[in-house]
Amino acid sequence: MVSSLTTHVGTERKVITELPGPKSQELHERRKAAVSAGLTVGFPVYIDRAEGAILVDVDGNQLLDMGSGIAVTGIGHAAPALVDAVSRQVASFTHTCFMVTPYESYVEVCEALSELTPGDHAKTSALFNSGAEAIENAVKIARLATGKSAVIVFEHAYHGRTNLTMALTAKNMPYKDRFGPFAPEVYRVPMSYPFRDGLSGPDAAARAIKIIETDIGVHNVAALLIEPIQGEGGFVVPADGFLPALSKWTTDNGVVFIADEIQSGFGRTGDWFAVNHEGVIPDIVTTAKGLAGGMPLAGVTGRAELMNAVHEGGLGGTYGGNPVAAVAALATIQTLKEQNLLERAKELGEIMLASLHSLAKDVAIIGDVRGRGAMIAMELVQPGTKTPNAAAAKAVVNYCQQHGVIALICGTDGNVIRLLPPLIISDDQLADGLAVVGAGVRSVR
Ligand SMILES: *Cc1c(COP(=O)(O)O)cnc(C)c1O
């Protein structure tokens, strides 16, 4: 019944018109008249359908997706288990509001989150619609449970666009500029950024802790909030030992360690969560993006004593943990397990790192290649320096787009190209995508 809705999509990249094509251009004109100009225009190619790692636009071009809608469609577009679960759920019921009359799939997602997140302590979860909403709630819970208010965040951090999460996010343009006033009691400290600070993990942690202790005061701090591998901020992988040192400090000082795994979680880095690579056990983990394969769902999972400190009615929302999104998450988790996609993420990482490292040998604009699993980036610089080269990043991504490959830019200075292919991408598709990226880099040398 369901499969008859989808016409088969090929597995190859195929550009048959200029990009954007004529139908996309027409739609883009309509968009300009109807959609706020405040939304980013990444690549105005309008999508008609998608399967696996291929997006088909309204002009019939087949684009290779190396962005997964920003690390969301890890199990691929139109993954059969997800299509099936969502279709059946839509026909069954679409909404009751979990706070009014509950349903099993919400509970099942929370059970899965308890099982998959690090640590074997007692945990509970609450579900929301977006990453930003999960972060807001994680901070609410940490403040209530500790009776303290200060929140520590890091340079280059990205946590969302709502009022509190704008304050938590580092970069002014485009996220914060003229949108203030911002929420108080948010304090920013330096991140470990090996390419730029050259510090060991423990030294970078000591630098951050010193600032917290002298400028803020440990007894004022409710939570330390960190992306274990930064996303929008530039795929910054902290030096080994940075996260464990911060985690130990929070434990010693009664501070809630919140890992924002919204981009780095759910298999992306080759493990369920990026903190697992360093054996860190957060007090609270936030999830979204890859959690439900494209359906809007986010989770806050934490130590039961923190999560359950909240009075009844203190957490919630009309749509949070919507049944359609909940079954999508269950299908996503099942697919990640059945298809061994965490292992695959590691393999993809090895292939991408090898390809970019070899490219970096003969191209002077690649300053750094980094990442874990299927979360890999290259930081572009002015040749012979570490000066950020945003123009080159833009040119490379442009080249990729013109050749039908979706690649994304990130970084505080807009000079980092990130690759986030769906974990189901084939070796041939990945090789094809990397060849285009490589040609793009060589073209702007
Ligand atoms: C995307 C993202 C968010 C915000 O999630 P939304 O669903 O866009 O609100 C928060 N933190 C990180 C690390 C993200 O990548």
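Results for (1) modelled with pLDDT under 95; (2) within 22 Å of the chain's Cα centre (by Cα); (3) open to solvent by less than 10 Å² (accessible area, probe 1.4 Å); (4) within 27 Å of G21 (Cβ to Cβ), shown as yes or no for each residue.
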{"residue": "L348", "(1), (2), (3), (4)": "no, yes, yes, no"}
{"residue": "V369", "(1), (2), (3), (4)": "no, yes, no, no"}
{"residue": "Q382", "(1), (2), (3), (4)": "no, no, no, no"}
{"residue": "N389", "(1), (2), (3), (4)": "no, no, no, no"}
{"residue": "P421", "(1), (2), (3), (4)": "no, yes, yes, yes"}
{"residue": "S426", "(1), (2), (3), (4)": "no, yes, no, yes"}
{"residue": "S443", "(1), (2), (3), (4)": "no, no, no, yes"}
- prompt: Looking at (1) buried (at least 23 other Cβ atoms within 10 Å of the Cβ); (2) touching a strand residue (DSSP E or B) at 6+ places or on another chain (Cβ under 8 Å), which is the only condition G373 fails?
  reply: (2)
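Name the residues in the range 117-126 that are within 16 Å of the ligand (Cβ to nearest atom) and either under 19 Å from P296 (Cβ atoms) or open to solvent by 30 Å² or more (accessible area, probe 1.4 Å) (or both), would you?
Across the range 117-126, the qualifying residue is only A126.
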query: Out of all the residues in the range 291-298, is one or more under 30 Å from T250 (Cα atoms), open to solvent by 10 Å² or more (accessible area, probe 1.4 Å) and either β-branched (V, I, T) or at pLDDT 95 or above (or both)?
result: no
field: Members of the range 350-396 found to be within 24 Å of F43 (Cα to Cα) and in a helix (DSSP H, G or I), listed by number
entry: M352, L356, A390, A391, A392, A393, K394, A395, V396
message: So if I check each of D260, D271, D240, D215, which one is in contact with a Ser or Thr (Cβ under 7 Å, 6 or more places away or on another chain) and of a type in the set (D, E, K, R)?
response: D260
message: So for the range 107-116 (the condition being assigned by TED's automatic domain parsing to the domain that holds V437 and either within 16 Å of the ligand (Cβ to nearest atom) or in contact with a Ser or Thr (Cβ under 7 Å, 6 or more places away or on another chain) (or both)), does at least one residue qualify?
response: no
- line: Here, strands (runs of 3 or more DSSP E) confined to the range 239-329 with at least 3 residues that are away from the ligand (no atom under 16 Å from the Cβ) and either within 22 Å of the chain's Cα centre (by Cα) or touching a residue at least 60 places away in the same chain (Cβ under 8 Å) (or both) are none
- prompt: Before we move on, is V221 open to solvent by less than 60 Å² (accessible area, probe 1.4 Å) and touching a helix residue (DSSP H, G or I) at 6+ places or on another chain (Cβ under 7 Å)?
  reply: yes
task: Scan (1) within 28 Å of K386 (Cβ to Cβ); (2) open to solvent by less than 70 Å² (accessible area, probe 1.4 Å); (3) more than 16 Å from the ligand (Cβ to nearest atom) for the single condition K210 breaks and write down its number.
output: (2)
The range 127-163: number of residues that are open to solvent by 20 Å² or more (accessible area, probe 1.4 Å) and either modelled with pLDDT under 95 or within 13 Å of the ligand (Cβ to nearest atom) (or both): 9
- request: Can you confirm whether the range 406-413 contains a residue that is more than 20 Å from the chain's Cα centre (by Cα) and in contact (Cβ under 8 Å) with a residue 12 or more places away in the chain?
  value: no
- request: Determine the pairs where a residue that is farther than 21 Å from G314 by Cα, located within the range 89-111, has a partner that is open to solvent by less than 70 Å² (accessible area, probe 1.4 Å) and of a type in the set (A, V, I, L, M) with Cβ atoms under 7 Å apart, the partner being 6 or more residues away or on another chain.
  value: Q89/V324; Q89/V327; V90/V324; T94/V324; S105/A326; S105/V327; S105/L330; E108/L330
- line: Checked pairs for the range 15-27, first open to solvent by less than 80 Å² (accessible area, probe 1.4 Å), second of a type in the set (G, A, S), C-beta under 6 Å and 6 or more apart or across chains, list as V15/G404
- line: Just one listed residue, out of G60, G74, is within 16 Å of the ligand (Cβ to nearest atom) and either open to solvent by less than 30 Å² (accessible area, probe 1.4 Å) or touching a residue at least 40 places away in the same chain (Cβ under 8 Å) (or both), and it is G74
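The values are calculated or read from the model by the stated rules, or taken from the named source; none is laboratory data. For clarity, every value in this text was computed on a predicted model and none was experimentally measured. FYI the Cβ positions are ideal-geometry reconstructions off the backbone, even for glycines, and counts take in every protein chain you see. For accessibility, only protein heavy atoms count, side chains too; no ligands or nucleic acids. Shrake-Rupley method; radii C 1.70, N 1.55, O 1.52, S 1.80 Å.
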